[in-house]
Amino acid sequence: MAAAATSSSLQALYSNYLSSSSSLFPSSSTSCIVSPSILKPKIICCSSSSSSASPITVVNGKAERSSAVTDRKEIRLGLPSKGRMASDTLDLLKDCQLSVRQVNPRQYVAEIPQLSNLEVWFQRQKDIVRKILTGDLDLGIVGLDTVIEYGQGNDDLILVHDALDYGQCHLSIAIPKYGIFENINSLDELARMPQWTKEKPLRVATGFTYLGPKFMEEKGLKHVTFSTADGALEAAPAMGIADCILDLVSSGTTLRENNLKEIEGGIVLESQAVLVASRKSLIQREGILDTTHEILERLEAHLKAAGQFCVTANTRGSSMEEVAERVLSQPSLAGLQGPTISPVFCKRDGKVEVDYYAIVICVPKKALYKSVQQLRAIGGSGVLVSPLTYIFDEETPKWRDLLQKLGL
Ligand SMILES: Nc1ncnc2c1ncn2[C@@H]1O[C@H](COP(=O)(O)OP(=O)(O)OP(=O)(O)O)[C@@H](O)[C@H]1O
Ligand SMILES: O=P(O)(O)OC[C@H]1O[C@H](OP(=O)(O)OP(=O)(O)O)[C@H](O)[C@@H]1O
Ligand SMILES: [Mg+2]
């Protein structure tokens, strides 16, 4: 399977989406056809929160309002109200000592006592993105797929943290394993099939009516048509409604159970939970940068710590330097900034002496066993392993990135 964007390149990928055309569907000059059922009408509505309620225009599902940020005093954070992302989001915030206090589960507003000027609003994920764009929310935690699908290239959306390490999935094309697709294993092969003509295009069932046509157009697929449904898309090929689907995949079980397969070059996007914000809010709303900085620092410190263990061991030695040399001769024992070596004092015949030294290092969880073996190889004994809660760096790299993106 061809590699799609890795999480480290998600921001770059998002920037690409932002810099490319922001129109909802490919232009009519291509032969990519969009079925009329998924074209959304133009709607005019008003923001609930805006005191200077300027109208919002929703064109083809894209919310637009040109005014500056509304003059409310509170900062608003949108969190998923239900579904697979909701509890993981609350758990992450709790792990960052930012527990959300909700009076009862049916109430859609809540607070985080540590962040005094912040309101939490529980919303459906797509509405979080839409409301950030209309200025009714300032920040939100949602899947990257939702940000891109509903953000539709709007450059007011800015990724504050692009890898919150849950909600991992990818958006991918899947075709039947049987029939005319039996020997088709890549997007190129799918595109070259003689079956697809102007009169009889490839029929794709998807909920991603922005990303789907955009991807197919970018990949040069001619003669494609899209239909949409609210779920259980995997049934569409077997029901004869579509030739293939474009949907989110995580374990791959649903595809397998429905006799579908992914294809080389068919991954549109790698996704996981992200923290997204309105650029306008970040620049204009009072106090929001301090609050965002605190949230970001806590997230980064927690996420960095979550991947590491703190390992301590004792070893005999003649000096701290000599022990340090032995430790640093092992490839997995460098720690975050090098090992901490300290003398272990003991009293012998009334005299305080140092025979042993304690080694303290942070090791990536994946390298734990290798590190223990290497500590033993240099004479380490009594190895203790403990979880880390936070690792606060001198400076939060993502904060530096954010200020740069804001031009501050
Ligand atoms: N296997 C998966 N299938 C779908 N989404 C996944 C999967 N794994 C992670 N996700 C993430 O979860 C999000 C969807 O969550 P969920 O299914 O709870 O919401 P939803 O059904 O799209 O929301 P709504 O009910 O508002 O339509 C996706 O946008 C994606 O970021
Ligand atoms: O790769 P898997 O782990 O099998 O997950 C993928 C499935 O999960 C999602 O559906 P969801 O459970 O949200 O149901 P829905 O289709 O009704 O939205 C998604 O739309 C796929 O159908
Ligand atoms: Mg769902």
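The values are calculated or read from the model by the stated rules, or taken from the named source; none is laboratory data. Everything numeric here is computed off the predicted structure, so don't read it as measured data. Positions of Cβ are backbone-derived with ideal geometry, glycine not excepted, and every protein chain shown enters the neighbour counts. For accessibility, only protein heavy atoms count, side chains too; no ligands or nucleic acids. Shrake-Rupley method; radii C 1.70, N 1.55, O 1.52, S 1.80 Å.
Of the residues that sit in the range 82-91 and are open to solvent by 10 Å² or more (accessible area, probe 1.4 Å) and modelled with pLDDT of 95 or more, which one is nearest to ligand 3 (Cβ to nearest atom)?
Among those that are open to solvent by 10 Å² or more (accessible area, probe 1.4 Å) and modelled with pLDDT of 95 or more, it is MET85.
Looking only at the range 240-293, how many residues end up being closer than 20 Å to VAL69 by Cβ and away from ligand 1 (no atom under 16 Å from the Cβ)?
Of the residues in that region, 17 qualify.
Which residue pairs have Cβ atoms closer than 7 Å, lie 6 or more positions apart in sequence or on different chains, and pair a first residue in the range 82-109 that is under 14 Å from ARG298 (Cβ atoms) with a second residue that is of a type in the set (Phe, Trp, Tyr)?
From the range 82-109, the pairs are LEU92/TYR166.
Going through the range 210-230 one residue at a time, which ones are within 15 Å of ligand 2 (Cβ to nearest atom), open to solvent by less than 10 Å² (accessible area, probe 1.4 Å) and not small (Gly, Ala, Ser)?
LEU211
Of all the residues that make up the range 355-408, how many are aromatic (Phe, Trp, Tyr), in contact (Cβ under 8 Å) with a residue 40 or more places away in the chain and open to solvent by 50 Å² or more (accessible area, probe 1.4 Å)?
Adding up the residues that qualify gives 3.
Taking the range 225-249 on its own, how many of its residues are under 23 Å from GLY143 (Cα atoms) and within 16 Å of ligand 3 (Cβ to nearest atom)?
So the answer is 12.
Look through the range 236-252, keep the residues that are near ligand 2 (Cβ under 8 Å from one of its atoms) and open to solvent by 70 Å² or more (accessible area, probe 1.4 Å), and return whichever of them is farthest from GLU270 (Cα to Cα).
Ranking the candidates gives SER251 first.
How many residues does the range 167-198 contain that are open to solvent by 20 Å² or more (accessible area, probe 1.4 Å) and under 16 Å from GLN272 (Cα atoms)?
Total meeting the criteria: 4.
Considering only the range 270-284, I want to know if a residue exists there that is on the phi > 0 side of the Ramachandran plot and in contact with a strand residue (DSSP E or B) (Cβ under 7 Å, 6 or more places away or on another chain).
Checked against the condition, which is being on the phi > 0 side of the Ramachandran plot and in contact with a strand residue (DSSP E or B) (Cβ under 7 Å, 6 or more places away or on another chain), the range 270-284 yields no hits at all.
From the list ALA277, ALA305, pick out the single residue that is touching a helix residue (DSSP H, G or I) at 6+ places or on another chain (Cβ under 7 Å), under 25 Å from LEU403 (Cβ atoms) and open to solvent by less than 10 Å² (accessible area, probe 1.4 Å).
ALA277
List the pairs whose first member sits in the range 119-139 and is within 15 Å of ligand 1 (Cβ to nearest atom), whose second member is open to solvent by less than 10 Å² (accessible area, probe 1.4 Å) and of a type in the set (D, E, K, R), and whose Cβ atoms are under 6 Å apart, counting only residues at least 6 apart or on separate chains?
none
Could you go through the range 92-103 and let me know if any residue there is within 13 Å of ILE132 (Cα to Cα), at pLDDT 90 or above, among the small types (Gly, Ala, Ser) and away from ligand 2 (no atom under 16 Å from the Cβ).
Checked the range 92-103: no residue is within 13 Å of ILE132 (Cα to Cα), at pLDDT 90 or above, among the small types (Gly, Ala, Ser) and away from ligand 2 (no atom under 16 Å from the Cβ).
So, restricting to helices (runs of 4 or more DSSP H) that lie completely within the range 220-335, which ones have at least 2 residues that are polar (S, T, N, Q)?
Passing ranges, in order: 253-257, 279-284, 288-306.
For the condition surrounded by 18 or more Cβ atoms within 10 Å (Cβ to Cβ), within 14 Å of ligand 2 (Cβ to nearest atom) and without any contact (Cβ under 8 Å) to a residue 60 or more places away in the chain, what is the one hit in LEU260, LEU233, LEU255?
It is LEU233.
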